[in-house]
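Read the structure below first, then the notes.
Derivation of every value follows stated rules applied to the coordinates shown; laboratory data play no part. It should be emphasised that the depicted structure is a prediction, and the values quoted were computed from it without experimental measurement. Ideal geometry is used to build each Cβ from the backbone, glycine not excepted, and the neighbour counts take in all protein chains shown.
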Amino acid sequence: MNLTVGGAPAYPTIGSFSVSGRLGSRTVCAFQLIEELPFDRDIIVGQEVIASDASANLVFAGTIDSIRESYSGSNNVRYLDVHCVDYSQLADRHLVAYAYENEKAGDIIKDIVSRFFVYGSESENIGVSNVEDGPEIEKAVFNYISASQCFDELSNLTGKIWYIDFNRDLYFIDPSANVAPFSLSDFSENWRKMEIERGRNQYRNRQYIRAGTANTSDRTDVVIATAGQTLFEYPYPVGTVNWVREDGTPKTFGVKGLDEGKDYYWSYNSPVLEAAVAPGAGVDVSMNYQGLYDILLTETNYAEVSSRQAIEGGTGIYEAILDNPQINTQVMASETALAYLRRFGVIPETIAFETDIPGLRSGQLITIDINMYGVSGDYLIEAVSVRDEEGIINRYKINTVLNESLSDWLDFFNTLSRQTQKLSLYDETKVNILETPTDGVVASDSATETHGKPDSYTDSAHTDFSETDWI
């Protein structure tokens, strides 16, 4: 095994080196170094760590996440337990605050990398040549969430997977295109210790989504004023107001606490409209607006319910709920529920095995055809772990899952990407962006400040201000 830390060779204690990675999470590496006096080598959090086997195959590349030191007073020895994480953690470090409209999913990911993975003239040197286009996203609004969460949301919505490999290349691809470098068969002689398991972990055939609030369509509601009345309550909390009228006569209106000199004032998420002057008894105060309502919906796979009834008796129902307050359209909530049913709506078959052959990574599809065990199909690699045996990397443990609906799931999204149907993520209208002036910006006493001006809209953008007094 060859290991470098910060570009310099390192020699872990025998049996201490391990690598593990799971689909949807980071690949991590751990090892122990032993150093004698004078303890002159600097092992620092953030240093790059690269490990390869005897054939120069990369088994890990990333950076040090944490170090634990321990000392032996009797023999003046320092033990360093080093824990590392792969380059995908770069996406955890950067926040995204931007609104996208009518953009392909892959173009959104590329823009996030070029826009937010930079600081001044420096970048994270992430390659994006393996980012596929994907379907068009009608609207995606990311309001200060990590880039990794953005990528996760786009992956869940489009059916693609993403990761940053050991060469700092970002992948956003169909699982069907991510094929393992070899397959398993009765006579392939490249596997050992196979275990097969079938279970109901995460299975569901009815998915609930408890989301955020969504806008109603435009509606007009009327309240008849009483003598001296200035507060008028309407059926829905207000999202936006189009007009206000008294007995059909248009009146001025604005946002309470922000606007002045108006006849009426409204507040977001409040059902109350406030009059500056009481309109008088019997006056019809009508408001045309979009109200807000809480989203709670369910989708059911009735074929799976019937299948469970036939096998188990009873209702056959398996329910699960997802809480995501950032989802604020009914369509997006329904799309999310259906995606979860496609992914978790069958009883999975999992296979674990060991191999000495490098090249397998979580997210790949591997063909397993073992007639004597009665297993055959394309299995999704969920987890890969590596350990050294007497200082030589030659033990890979692989966990895979056969999802019988995987092909239907992929076919759905492949078909969707060729249609005119558009997907949405978070149907908000704006993102407030805090910009920091560069060293070349000089402010004088005569400067005019503009507060609360949104930087990124789904239909326009403003970048001519700086909100440096946010708290």
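Some observations on this one:
- Whole-Hz ³J(HN,Hα) from phi, Karplus 6.51 cos²θ - 1.76 cosθ + 1.60, for the range 254-264, glycine and proline x: x, 8, 5, x, 10, 9, 9, x, 9, 6, 9
- Prolate/oblate/rounded label for the range 192-295 (Cα gyration tensor, a/c 1.5): prolate
- Overall form of the range 90-183 per C-alpha gyration tensor (a/c, 1.5; a/b vs b/c): oblate
- When the C-alpha to C-alpha distance is required to be over 23 Å, the pairs from LYS139/LYS251; LYS104/LYS160; LYS139/LYS256; LYS110/LYS397 that qualify are LYS139/LYS251; LYS139/LYS256; LYS110/LYS397.
- Inter-part distance where the range 142-175 and the range 316-330 are each reduced to a Cα centre, Å: 21
- The share of alpha-carbon pairs in the range 1-135 lying farther apart than 26 Å comes to 38%.
- TYR71 versus ALA303: modelled label distance in nm, points set 7 Å from Cα along the beta carbon direction: 6.7
- Cβ-based charge dipole, the range 53-110, positive-most Cα from ALA105, SER66, ASN76: ASN76
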